[in-house]
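The values are calculated or read from the model by the stated rules, or taken from the named source; none is laboratory data. From a predicted model like this one, the values you see are computed outputs, not experimental measurements. Quick reminder, even Gly has a Cβ in these numbers, built from the backbone with ideal geometry, and neighbours come from all protein chains shown.
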Amino acid sequence: MRIGELARVTGATPRALRHYEHEGLIASRRASNGYRVYDEGAVARVRNIRYLLAAGLVLEDVRAFLPCLDGDMAAAPPSEGGIRIALDRLAVLDARVAAQTEARDRLAAALRRVTGGSRPAS
């Protein structure tokens with residue numbers, strides 16, 4: 001199947017598919033006209049990549065799941081390695097949320113100081 005059909009079937013954009021291919025997560029062959037052609041297995045693989053990304057992982061994390069990307073990841077029991085990757089990513093996200101909350105609190109305090117406690121109109 002060509003890239004447009006794979007995009008339609010999986011909900012990914014052609015640009016995302018080219019990026020996944022560039023990152024070595026999916027593969028295609030070139031037809032004589034130069035178009036990318038993907039095999040039917042690419043559908044499950046792309047759906048799994050999107051499943052992992054939607055769960056909060058990043059492509060670097062997804063790379064660790066390469067041996068599993070061709071199965072039904074949503075139905076499979078999680079592996080210890082997968083849980084470890086997810087816990088590590090959750091810690092990163094928690095740290096980012098904490099940093100953003102701290103920055104927001106500093107900004108709100110600065111605004112209270114300069115506005116006498118009232119919030120200026122946006």
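Considering only residues that are exposed (fewer than 12 other Cβ atoms within 10 Å of the Cβ) and part of a loop (DSSP other than H, G, I, E, B), which ones fall in the stretch 12-37?
Across the stretch 12-37, the qualifying residues are THR13, GLY24, ALA31, SER32, ASN33, GLY34.
Take the stretch 45-71 and flag every residue that is of a type outside the set (A, V, I, L, M, F, W, C) and part of a helix (DSSP H, G or I).
Passing the criteria: ARG45, ARG47, ASN48, ARG50, TYR51, GLU60, ASP61, ARG63, PRO67.
The lone criterion from (1) in contact with a strand residue (DSSP E or B) (Cβ under 7 Å, 6 or more places away or on another chain); (2) at pLDDT 95 or above; (3) of a type in the set (Lys, Arg) left unmet by ARG30 is number (2).
Number of residues in the stretch 71-115 that are farther than 25 Å from VAL46 by Cβ, under 18 Å from the mean Cα position of the chain (by Cα) and surrounded by 11 or more Cβ atoms within 10 Å (Cβ to Cβ): the value is 0. Taken residue by residue, the stretch 38-52 has at least one member that is more than 25 Å from ALA86 (Cβ to Cβ) and surrounded by 12 or more Cβ atoms within 10 Å (Cβ to Cβ). Confirm whether GLU5 is modelled with pLDDT of 95 or more and touching a Ser or Thr at 6+ places or on another chain (Cβ under 9 Å). For GLU5, the condition - modelled with pLDDT of 95 or more and touching a Ser or Thr at 6+ places or on another chain (Cβ under 9 Å) - is not met.
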